[in-house]
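Only the coordinates and a few stated rules stand behind these numbers; no lab work does. In this text the structure is predicted, and so the values were computed from the model without any measurement. Note that each Cβ is placed from the backbone with ideal geometry, even for glycine, and that neighbours are counted across all protein chains shown.
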Amino acid sequence: MKFAMLVLVIPCALAPSTFAKDKKNGSDHIGKSDPAKGVNFYSIEKEIALGKELAEDTERQASLLSDSVITEYVNRLGQNLVRNSDAKVPFTIKVIQSEQINAFAFPGGYMFVNTGLILRAEDEAELAGVLAHEIAHVAARHGTKQATRGTIMNYATIPLIFMGGWAGYAIREAATLAIPLGFLQFSRAMEREADHLGMAYMYRAGYDPNAFVEFFEKIQSLDKKKPGTIARLFSRHPMTGSRITRAQQEIQTELKPLAEYVVDTSEFQQVRQRLAILENRRKVESQYESIPVLETH
């Protein structure tokens, strides 16, 4: 059965949520304010169901990493950040086997991390910063707020499971995945809010928030030298000069310096080295399989 849907647009009421900022410590608002508040046509239940549908479709297209050591580590790292966030939904975190630097999270707490991102991060704090940023998008419900806003929705691009699935909606990304871009492309204001929340989440988990800014600066420089290294989705809203300055100011004024930060761990380096070996082995096997074999009779 097909249903018609009326998409209402209320731009003035749908700005990114505001949240309390403690001048001494910007992480004190976590758990006390609600970044998810605001006009949203999706209930939490529908949001989780939507995210599950999108995640399942992504898994059918992607090549998921099966190494239990690496996937368990990434999941544990992500879940620790979730516990130190405002997220009200459980998270499912999986690793995609792809060289591109990318990570994304669907509404409802379904996150995917590319192996290319893990290999490019030089320490655990850099990886934690990217994951915290994605967790922030979910905690603030940016995906469904953006959909509610109506700026990316019309009758041809509604990937809702409540309308018979989203098979007809596909935007091809560089990693050969049909990523539902509408739920992952956020406004600049939403990106700034995710910066703010993400840095607070990683700070609360004990990581140096400066690692977040440094990593984005690094990969942007890399993308200029080697275009295509970063997935288009990941670089949709780059760390512009003003955005970097704002993030640095927030770190200095709202996040009280800690005596010690978690910057790196031996486990991260072991996992990264293990992944590098697996990736090299996969490339060799792939090259071997592509060599034509002369059959004799």
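Judged by the mean number of other Cβ atoms found within 10 Å, the most tightly packed of the peptides 77-90, 247-260 leads the ranking 77-90, 247-260. Shape class for the range 26-129: oblate, because the ratio a/c of the largest to smallest gyration tensor axis (alpha-carbon atoms, square roots of eigenvalues) is 1.5 or more and b/c is at least a/b. With respect to the cross-link table entries LYS52/LYS88; LYS218/LYS283; LYS46/LYS88; LYS94/LYS225; LYS94/LYS218; LYS52/LYS145, which display a Cα-Cα separation exceeding 21 Å? Listed pairs above 21 Å: LYS218/LYS283; LYS94/LYS225; LYS94/LYS218. A protection proxy built from the mean count of other Cβ atoms within 10 Å ranks the segments 93-100, 63-70, most packed first, as 93-100, 63-70.
Apply 1/(1 + (r/R0)^6) to the Cβ-Cβ distance of ALA276 and GLU56, taking R0 = 41 Å, and write down the FRET efficiency to the nearest 0.05. For ALA276 and GLU56, the calculated efficiency is 0.90.
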